[in-house]
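Single-structure report; data block below.
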Amino acid sequence: MTFDVNAIREEFPILSRQVHGKPLVYFDNAASAQKPDAVIDAMANAMRHSYANVHRGLHTLANETTQAYEDARESVRRFINAGAVDEIVFTKGGTQAINIVAAGIGASIRPGDEIVLSIMEHHSNIVPWHFLRERKGAVLKWVELQPDGSLDMDSLAKQLSPKTKLLALTHMSNVLGTVPDAKTAIDMAHAVGADVLLDGCQASVNLVVDVRALDADFYVGTGHKIYGPTGIGFLYGKKAKLEAMPPFEGGGEMIETVSRDVVTYNSAPHRFEAGTPPIVEAIGLGAAITWLAKQDRVAIHLHKQALLARAVDALRGINGLTLHGTAPGKGPVLAFSLQGAHPHDLAQILDRFGVAIRAGHHCAQPLMSHLEVSATARASFALYNTAEEVDAFVQALSKARSMLS
Ligand SMILES: Cc1ncc(COP(=O)(O)O)c(C=O)c1O
């Protein structure tokens, strides 16, 4: 297989548009990625030709749609190498997937039980654990970082104890790009009897994920960052772990029987999919994964790493610019601060040059306070980005710097 970035770009209609009269340079991929025709067409096609509600249907359209929805579940299973399709729960995104686990394990949390998490987590992988602190008396234990943004494994070892119920860890930081040694972290947590949830919202598009090799108990992903639609994500859970958790929401689909006096619940994954699910979105996610699986993932990885290296080299030459996160093997996410320039001003000026970057706390306030900043600018790269775009970004950044100084 070869990787031809220009051919890839042709498949993303939005990339041919202009912003403020300049070609769009979209470097906000860690927030949400653009969609290829394969995804747009699959969703339009589902709504145009084969749409109905899923499950229990007795007519052709319901059967076809159920098949497409369940095929998408199988695509997710293959994508992360889960052992069984009923270990994949469709959710409305990464956030909901983590909340399902928090509510599920929360049922058995006792005061003093500990949840271990790193200080580079996204708020989605922090706030649900704060709920357990507030409501159940759980204790949150924080794992620190090395100066380059790597996970401090000694700090992890110190925080884990027989009181640890769960280690909740990002598989790739959305700010630093850090990819922790998840397998070692999981083995360490298992050794004290804790379960592990990996937040793969950034990792699943940038790494080839194998939940069985990792031995993760829970793994979370989100559709809109893997070139799929919004409104859909997934929760992987080992079958026994999912079956041990009470349902998250009550309603149709998640029950086995309902009477005036009692209710019994469906088995996983349907137990966690109350109500009409995001059907078209699931089909779109399946299409995104199928599309991605056809690409050369190794070549894509090398391409994104080359873009990152080019950007890092150029930014290192800019006086007063600090890069946040330089851990070896980091993902294609580049957070930075420029002395004398507020990140929001930078992002707004870059937009005038057609360059889309993000500025803010990136839903990672504990990390911001560790970095002693309130916000950073962030450029993040996807498979459709080019070296020329990196150069345009660097040029726009230099201009922004002169405008602000
Ligand atoms: C690391 C990480 N975790 C969780 C999330 C939340 O995902 P979603 O927006 O799909 O709920 C994000 C999204 O930015 C993320 O980057």
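Each reported figure results from applying straightforward, stated rules to the coordinates on display, with no laboratory input. Here the structure is a predicted model, which means the values were calculated and not measured. Quick reminder, even Gly has a Cβ in these numbers, built from the backbone with ideal geometry, and neighbours come from all protein chains shown.
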Practice prompt. Using only Cα atoms, figure out Rg for segment 154-217 and give it as a multiple of 2.2 N^0.38 Å.
Written response: 1.08
Discussion item. I want to verify a result. In a Gaussian network model of the chain, Cα cutoff 10 Å, which of these has the top mean-square fluctuation: Thr66, Thr178, Thr91?
Written reply: Thr66
Practice prompt. Give me the Debye-computed log₁₀ of I(q)/I(0) at q = 0.15 Å⁻¹ for segment 77-186, equal point scatterers on Cα only, no solvent, two decimals.
Written response: -0.70
Worksheet item: For the chain, what log10 I(q)/I(0) values come out of the Debye formula at q = 0.09, 0.10 1/Å, with one point per alpha carbon and no solvent?
Response: -0.56, -0.69
Response to the item:
At R0 = 60 Å the Cβ-Cβ FRET efficiency linking Met47 and Met403, nearest 0.05, sits at 0.85
Item to complete: Enter the per residue convex hull volume of segment 302-364, computed from alpha-carbon coordinates, in Å³ rounded to the nearest integer.
Response: 106
Worksheet item: How long are the three semi-axes of the equivalent ellipsoid of segment 249-383, in whole Å, if each is the root of 5 times an eigenvalue of the C-alpha gyration tensor, listed from largest down?
Response: 43, 21, 14
Worksheet item: Of Ile318, Ile279, Ile80, which has the largest mean-square fluctuation in a 10 Å C-alpha GNM of the chain?
Response: Ile318
Worksheet, complete the sentence: With the 8 Å Cα cutoff and a minimum separation of six or more residues, segment 50-293 has a relative contact order in percent of 24
Fill in: Highest-fluctuation residue, Ala168, Ala377, Ala240 considered, GNM on the chain with Cα pairs under 10 Å
Ala240
Response to the item:
In units of 2.2 N^0.38 Å, the Cα radius of gyration of segment 1-125 is 1.46
